[in-house]
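Engineer: Could you have a look at this structure, given as structure tokens, before my questions?
The values are calculated or read from the model by the stated rules, or taken from the named source; none is laboratory data. Values in this document were obtained by computation on a predicted structure and should not be read as measured data. Neighbour counts run over all protein chains shown; Cβ positions are idealised from the backbone, glycine included. Just the protein is used for accessible areas: all its heavy atoms, side chains included, with ligands, DNA and RNA removed. Shrake-Rupley method; radii C 1.70, N 1.55, O 1.52, S 1.80 Å.
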Amino acid sequence: MSVKSYAEALNFIHGRTKFKKSPSLDRMRKFVTYLGHPEEKIKAVHVTGTNGKGSTTVFLRNLLMSQGLHVGTFTSPFMVKFNERITIDGQMIADNELVRLVNKIIPIVKRLDEELMNQEGGPTEFELVTALMFVYFAEQNVDIAVVEVGIGGTYDSTNVIMPLVSVITTVALDHANLLGNTLTSIARHKAGIIKPDRPTVIGRLNAEAKKVVTDIAAQKRSELYAPDEKYRVTSVSSSKRWGENFAYAGLGKHFAKLHESLLGRYQIDNAATALTAFLLIAQMQGWQVRTSEISTALAHTNWPGRFELINQEPMIVLDGAHNEAAIEEVKGTLLTHFKGQKIFVIIAILADKQPQTMIRKLAEIPNIQITVTTFNAPRKVAQVSSLVENIKQLDYEKQWQRALVKTLQQMSATDILLITGSLYFISEVRRYFTT
């Protein structure tokens, strides 16, 4: 069997099962063994977290590229095109390369399908994509790869690597059906990427999650770099409307004023987490880093769908906040940067998230009007029309396109429209604005 086109390659990838009943890395370990262990030919940083891992990954990519390195990144989900998930120096894998790689691994996939027929079958979709990434980065001889976990950590297919540094950005309630419904359980899954005698950088974790991560790091002799302990970051006032200024001190370095171009206080934490991981790697590799290179790398970091400004007048922003913790951060950004403005929100949330809590949190913002809607989702979308009767700032419109038209008709040039609730949702909306 072989695929002859990009469409056929995607069909083969998406045709695989999504999950298995019994979580295990055995299948992935067998997969990379049959491929000749491409993951062992890659220097890597491993990034997990409930929120913030995508932003942290691109901050880190730009910091590493500032040293003249060829940097691979593996992220999910994608905004517009599948190929965005696998990039080198910010350039997504070409269609023909994806076709070639799929054909290269098809014989291994078929072999595993046969061998594991009585053990839940061969590779899942994400395992297959992970394998494609490993092979591609090994072939292209990337200097370093920043590899983002799909879900959790312990049993994620990316967890067959031995990274230079492990990074845990945040821990919050999400994917309860897979990771558990307590912060302790979720933190334990995230901490599964910590490797013996390799350092770990963490973002701002609450006490419950931090204790779990600290204990596991100690068991594995992994030196832990935590904010307010091994590094410090403070917000600095800025005259610029978009982005955040901050000061950083850690690993023998001090930067009095850095600017990052993503809006939101939490993006300072993501930038600082990435910077700490970068400085650790620089120490390991003996690089002489310059403040100007760091400053430029952070200031030029953009990440689609993370409080992304896509229209000026009226102001329209896309943000993929898809759980309670992320909505809380968005709420803080709105209250800080858009206080006194009329705020419109169009939101669609997957049913397996926390739709009612997320909507109620947004409804606490003064001068806000929220429209709940639906979209062409990969899973069931939350039906929260019952909330409309109880929250006066809430409307319901089944089609998001109609919700957009109706909202724009109500807006003035000084108002802001936020479209949020799901990365899948804003991916669909973003295509509407950019094509």
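Engineer: Out of the residues in region 113-134 that are over 20 Å from the mean Cα position of the chain (by Cα) and buried (at least 21 other Cβ atoms within 10 Å of the Cβ), state the one that is farthest from residue 71 (Cα to Cα).
Structural biologist: That would be 122.
Engineer: Mind checking which residues of region 50-65 are over 19 Å from residue 151 (Cβ atoms) and either without any contact (Cβ under 8 Å) to a residue 12 or more places away in the chain or open to solvent by less than 30 Å² (accessible area, probe 1.4 Å) (or both)?
Structural biologist: Scanning region 50-65 gives 58, 59, 60, 62, 63, 64.
Engineer: Kindly provide the set of residues from region 214-264 that are charged (D, E, K, R) and not in a strand (DSSP E or B), ordered by number.
Structural biologist: 215, 220, 221, 223, 228, 229, 230, 240, 241 - these are the residues of region 214-264 that are charged (D, E, K, R) and not in a strand (DSSP E or B).
Engineer: Every residue in region 305-337 that is touching a residue at least 40 places away in the same chain (Cβ under 8 Å), over 22 Å from residue 258 (Cβ atoms) and open to solvent by 20 Å² or more (accessible area, probe 1.4 Å), please.
Structural biologist: Across region 305-337, the qualifying residues are 310, 311, 313, 314, 315, 322, 324, 325.
Engineer: Given the residues 195, 220, which is the only one that is modelled with pLDDT of 95 or more and open to solvent by 40 Å² or more (accessible area, probe 1.4 Å)?
Structural biologist: 220
Engineer: Residue 423 is checked against (1) within 21 Å of residue 302 (Cα to Cα); (2) open to solvent by less than 10 Å² (accessible area, probe 1.4 Å) and fails just one. What number does that condition carry?
Structural biologist: In the conditions (1) within 21 Å of residue 302 (Cα to Cα); (2) open to solvent by less than 10 Å² (accessible area, probe 1.4 Å), residue 423 misses (2) alone.
Engineer: How many of the residues making up region 386-402 are among the hydroxyl-bearing types (Ser, Thr, Tyr) and surrounded by 12 or more Cβ atoms within 10 Å (Cβ to Cβ)?
Structural biologist: Here the count works out to 1.
Engineer: Please find, among 90, 68, 72, the residue that is small (Gly, Ala, Ser), open to solvent by 50 Å² or more (accessible area, probe 1.4 Å) and either under 30 Å from residue 290 (Cβ atoms) or touching a residue at least 24 places away in the same chain (Cβ under 8 Å) (or both).
Structural biologist: 68
Engineer: So residue 243 clears everything in (1) within 21 Å of the chain's Cα centre (by Cα); (2) open to solvent by 30 Å² or more (accessible area, probe 1.4 Å); (3) closer than 26 Å to residue 308 by Cβ except one condition, right? Which one?
Structural biologist: It is condition (2) that residue 243 fails.
Engineer: Determine which single condition residue 148 fails, assuming it passes every other condition in (1) modelled with pLDDT under 95; (2) open to solvent by less than 10 Å² (accessible area, probe 1.4 Å); (3) of a type in the set (D, E, K, R).
Structural biologist: (1)
Engineer: Quick one: residue 100 ticks every box in (1) open to solvent by 40 Å² or more (accessible area, probe 1.4 Å); (2) in contact (Cβ under 8 Å) with a residue 24 or more places away in the chain bar one, so which box is it?
Structural biologist: Residue 100 satisfies all of (1) open to solvent by 40 Å² or more (accessible area, probe 1.4 Å); (2) in contact (Cβ under 8 Å) with a residue 24 or more places away in the chain except (2).
Engineer: Evaluate the following for residue 401: is it over 25 Å from the mean Cα position of the chain (by Cα), farther than 21 Å from residue 338 by Cβ and either part of a helix (DSSP H, G or I) or at pLDDT below 90 (or both)?
Structural biologist: Yes, satisfied.
Engineer: Which of the residues that make up region 198-217 are open to solvent by 60 Å² or more (accessible area, probe 1.4 Å) and touching a strand residue (DSSP E or B) at 6+ places or on another chain (Cβ under 8 Å)?
Structural biologist: 198, 204
Engineer: Do we have residue 296 as open to solvent by 40 Å² or more (accessible area, probe 1.4 Å) and touching a residue at least 24 places away in the same chain (Cβ under 8 Å) here? Even if it seems obvious, please write down each step before you answer.
Structural biologist: Working: open to solvent by 40 Å² or more (accessible area, probe 1.4 Å): yes; touching a residue at least 24 places away in the same chain (Cβ under 8 Å): yes.
Against the criterion (open to solvent by 40 Å² or more (accessible area, probe 1.4 Å) and touching a residue at least 24 places away in the same chain (Cβ under 8 Å)), residue 296 qualifies.
Engineer: Ok, one more. Can you give me the number of residues within region 403-413 that are open to solvent by 10 Å² or more (accessible area, probe 1.4 Å), in contact (Cβ under 8 Å) with a residue 24 or more places away in the chain and either of a type outside the set (Ser, Thr, Tyr) or touching a strand residue (DSSP E or B) at 6+ places or on another chain (Cβ under 8 Å) (or both)?
Structural biologist: 5
Engineer: When residues of region 338-372 are filtered for being of a type in the set (Gly, Ala, Ser), open to solvent by less than 30 Å² (accessible area, probe 1.4 Å) and more than 22 Å from the chain's Cα centre (by Cα), how many remain? Break it down stepwise before answering.
Structural biologist: To start, the set of residues in region 338-372 that are of a type in the set (Gly, Ala, Ser) comprises 340, 348, 351, 363.
This time we only want the ones that are open to solvent by less than 30 Å² (accessible area, probe 1.4 Å), so: 348, 363.
Now narrow it down to the ones that are more than 22 Å from the chain's Cα centre (by Cα): 363.
The number of residues fulfilling the criteria is 1.
Engineer: On to the next question. Looking only at region 158-184, which residues are touching a Leu at 6+ places or on another chain (Cβ under 6 Å) and at pLDDT below 95?
Structural biologist: 171
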